[in-house]
Amino acid sequence: MLNEVCVLTVKVDNIRAAVDFYTNVLDFAVSEEYGEKIVSLVHNEIPIVLEEVKTKTTSAEQGVLLGIRSEDLDKDLEQLKAKGVKLLFDEPEACPPGRYIVIEDPAGNQIELVEFCNG
């Protein structure tokens, strides 16, 4: 079932400025850095990930990405395809905790489905 939010990704245009804001202004702590452009913050149940993107987010673009846990991404993907859900790419891609794919809701909001299989 796809009914458990597992991560919240905040798209930013400058990862260092974002880390500074979230740690020094909002008192989050960094839990892990995945290279130069992705930083995970310490958070109780739902991880918050800061991800640097090439273009600055505007009000017309999505700045926060909802992540939903999948126990079996291949099975869920099959069911979503059968229902005509729009996929941003055809096959799951690798990510630090496992694999993911991005879908769109009817309004065009992106939702990341994540299968944790590394660790």
Residue hits (the stretch 16-38; without any contact (Cβ under 8 Å) to a residue 24 or more places away in the chain and assigned to a helix (DSSP H, G or I)) are ARG16, ALA17, ASP20, PHE21, THR23, ASN24, VAL25
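Can you go through LYS11, LYS83, LYS54 and tell me which one is over 17 Å from the mean Cα position of the chain (by Cα) and of a type in the set (D, E, K, R)? Break it down into steps so the answer makes sense when it comes.
Working: LYS11 fails: over 17 Å from the mean Cα position of the chain (by Cα); LYS54 fails: over 17 Å from the mean Cα position of the chain (by Cα).
Exactly one residue qualifies, and that residue is LYS83.
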Taking the stretch 5-15 and the residues there that are at pLDDT 90 or above and not in a strand (DSSP E or B), the one that is surrounded by the most Cβ atoms within 10 Å (Cβ to Cβ) would be ILE15
Log entry, pairs with first residue in the stretch 1-15 being under 18 Å from ASP76 (Cα atoms) and touching a residue at least 60 places away in the same chain (Cβ under 8 Å), second being surrounded by 14 or more Cβ atoms within 10 Å (Cβ to Cβ) and of a type in the set (Lys, Arg), beta carbons closer than 7 Å, six or more apart or on different chains, reads GLU4/ARG69; CYS6/ARG69
Restricting attention to the stretch 75-91, does a residue exist that is touching a residue at least 24 places away in the same chain (Cβ under 8 Å), surrounded by 10 or more Cβ atoms within 10 Å (Cβ to Cβ) and assigned to a strand (DSSP E or B)? no
In the stretch 86-119, residues that are over 12 Å from the mean Cα position of the chain (by Cα) and farther than 18 Å from ILE46 by Cβ total 16
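Against the definition (at pLDDT below 85, among the β-branched types (Val, Ile, Thr) and within 15 Å of the chain's Cα centre (by Cα)), how does VAL64 come out, yes or no? Lay out the reasoning, then the answer.
Values: at pLDDT below 85: yes; among the β-branched types (Val, Ile, Thr): yes; within 15 Å of the chain's Cα centre (by Cα): yes.
In short, yes.
More than 21 Å from VAL5 (Cβ to Cβ) and crowded, with 16+ Cβ neighbours inside 10 Å, is that true of GLU36? Outline the logic, then answer.
Details: more than 21 Å from VAL5 (Cβ to Cβ): yes; crowded, with 16+ Cβ neighbours inside 10 Å: no.
So GLU36 does not fit the description; no.
The values are calculated or read from the model by the stated rules, or taken from the named source; none is laboratory data. The structure displayed is predicted, hence computed values, not measured ones. Positions of Cβ are backbone-derived with ideal geometry, glycine not excepted, and every protein chain shown enters the neighbour counts.
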